[in-house]
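The structure appears below as structure tokens.
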Amino acid sequence: MGASPDPHRFEQVDWDEVGHSRRFVTPARAVFFAGVVLLVGLYVLQRVDTVSLGVYLERIDWVILLGTVVLTSGVIVPAVRRRELTRRVLGRLVSRPIHAAGAVFLGVLSLVAVVGPAVFGSPDLMFQHRFHAPYGFTGEASWSAECLGEVTDGEGITRYCDGTMTYPLGTNHRGHPMGHLVVEGARTTLYVLVFTAAFVVPLAAAVGIVAGFRGGRIDDLLMSYVDVQLCIPAIVVFFIGYMYWNVSLLLLLVMFGLLSWGGIARLVRSETLQRREDGHVLVARSLGASPFYVAKRHIVPNITNTLVPAIFHLLALLVLVEAGVAFLGFHHLELYSWGSTIQEGLDPSMTGVGLVMEPHEVWWVSTFPAIALTLTLVSLKLVGDGLRDALDPRRNH
């Protein structure tokens, strides 16, 4: 067994990083301001129709792009600057096959969500190709539908159509390829993850750290607000917004995301209250380290055991909430979600366009998005547990 680290040894302080924390212009801030300026410029160009961007970006797209800038400046830039620590953390994350599988799935999901819509485009309505079975399977087809595979006559007027590689995952009642719907659902899921990670999590962490670090009236005020917020049911607020404004993914994210961070704020506050009196924190403060540096370098790394799983639990929860709300039908009709696609495959009134069919006869419509949703939730859980172990400061010595 290797020698355990000496608990009485002082931690080596990176004075260059301390100096950077006191400067206004840092690499992370420079990337953030540059990204914001770029987005503002592109937004103005789109609004005045001076230059065509090739695609019209909706309000939710601009918000997600801003969230991407926040994550780039707050996560990617520090990770690049501290490459040795990043390699060590990633190595520990993928050291276990199950955690590596979760991380790979989330990476593939993100890549598909970004690249997929540009590759597949927006499919046209193809009612003549509705309910084509996946490749290797056979499904019932009406006489008015065009069968791309081999046709087999059944009893009476029933006929069956074999699936082909034209639609390897089959089609829904509109003739949309299921592969396209799964990809579009991945983009919606990525939007939820980016919004939550870029805006909700930092807000919760900041409130918890400020409340625990400052204490006194600030602590009482912030925690009183959190108590009030936790008493407000997000679903009720969302339904009120649904009645008075156009339903959109942005409305759902704002209502649920900004009313769901109280638990993390409480958790961070509780951990901060315990850590702010630790010896290494007192030494850093006595040596002139700024509160921001102390929080980033000494408080946050020492609460990862509880904070990281809570963050990924919130990410999974909001992904599930979005799918659930879409499953109930409270979503924009032009926004494809795994939840709404699952609902289409389970609701006979939706699956019976021109056909009298049961949900199990068009099982692929609900099965593939359900598998994608399940794998995403499981992967978030696995990666959260893996990062908790990899970021444990007791393993960094």
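For the reader, a short list of remarks on this structure follows.
- Helices (runs of 4 or more DSSP H) within segment 71-130 that include 1 or more residues within 23 Å of residue 200 (Cα to Cα) and open to solvent by 30 Å² or more (accessible area, probe 1.4 Å): 77-81, 97-120
- Within segment 21-43, residues that are farther than 17 Å from residue 198 by Cβ sit with their Cβ atoms under 9 Å from residues that are at pLDDT 85 or above and open to solvent by 60 Å² or more (accessible area, probe 1.4 Å), at 6+ positions apart or across chains, in these pairs: 23/29; 25/33; 27/80; 27/81; 42/65.
- For segment 371-391, taking the residues that are surrounded by 20 or more Cβ atoms within 10 Å (Cβ to Cβ) and within 13 Å of the chain's Cα centre (by Cα), the one that is nearest to residue 310 (Cα to Cα) is identified as 384.
- All positions within segment 131-146 that are at pLDDT below 80, open to solvent by 30 Å² or more (accessible area, probe 1.4 Å) and in contact with a Gly (Cβ under 9 Å, 6 or more places away or on another chain): 140, 144
- Checking each residue in segment 172-213 for being among the polar types (S, T, N, Q) and modelled with pLDDT of 90 or more picks out 188, 189, 196.
- Summed over segment 152-166, residues that are assigned to a loop (DSSP other than H, G, I, E, B) and of a type outside the set (Ser, Thr, Tyr) total 5.
- Check on residue 235, of a type outside the set (Gly, Ala, Ser) and more than 14 Å from residue 322 (Cβ to Cβ): no
- Segment 121-134 residues that are polar (S, T, N, Q), paired with ones that are modelled with pLDDT of 75 or more (beta carbon under 7 Å, 6 or more apart): 128/146; 128/175
Here is a yes/no grid of residues against (1) open to solvent by 20 Å² or more (accessible area, probe 1.4 Å); (2) of a type in the set (Gly, Ala, Ser); (3) in a helix (DSSP H, G or I); (4) free of Cβ contacts under 8 Å to residues at least 12 places away in the same chain:
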{"site": "148", "(1), (2), (3), (4)": "yes, no, no, no"}
{"site": "168", "(1), (2), (3), (4)": "yes, no, no, no"}
{"site": "173", "(1), (2), (3), (4)": "no, no, no, no"}
{"site": "180", "(1), (2), (3), (4)": "no, no, yes, no"}
{"site": "187", "(1), (2), (3), (4)": "yes, no, yes, no"}
{"site": "190", "(1), (2), (3), (4)": "yes, no, yes, no"}
{"site": "208", "(1), (2), (3), (4)": "no, yes, yes, no"}
{"site": "212", "(1), (2), (3), (4)": "no, yes, yes, no"}
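The values are calculated or read from the model by the stated rules, or taken from the named source; none is laboratory data. Keep in mind the model is a prediction, meaning the values are calculated, not measured. Cβ sites come from the backbone with ideal geometry, for glycine too, and all protein chains shown count toward neighbours. Heads up: the accessible areas ignore ligands, DNA and RNA and are worked out on the full protein's heavy atoms, side chains in. Shrake-Rupley method; radii C 1.70, N 1.55, O 1.52, S 1.80 Å.
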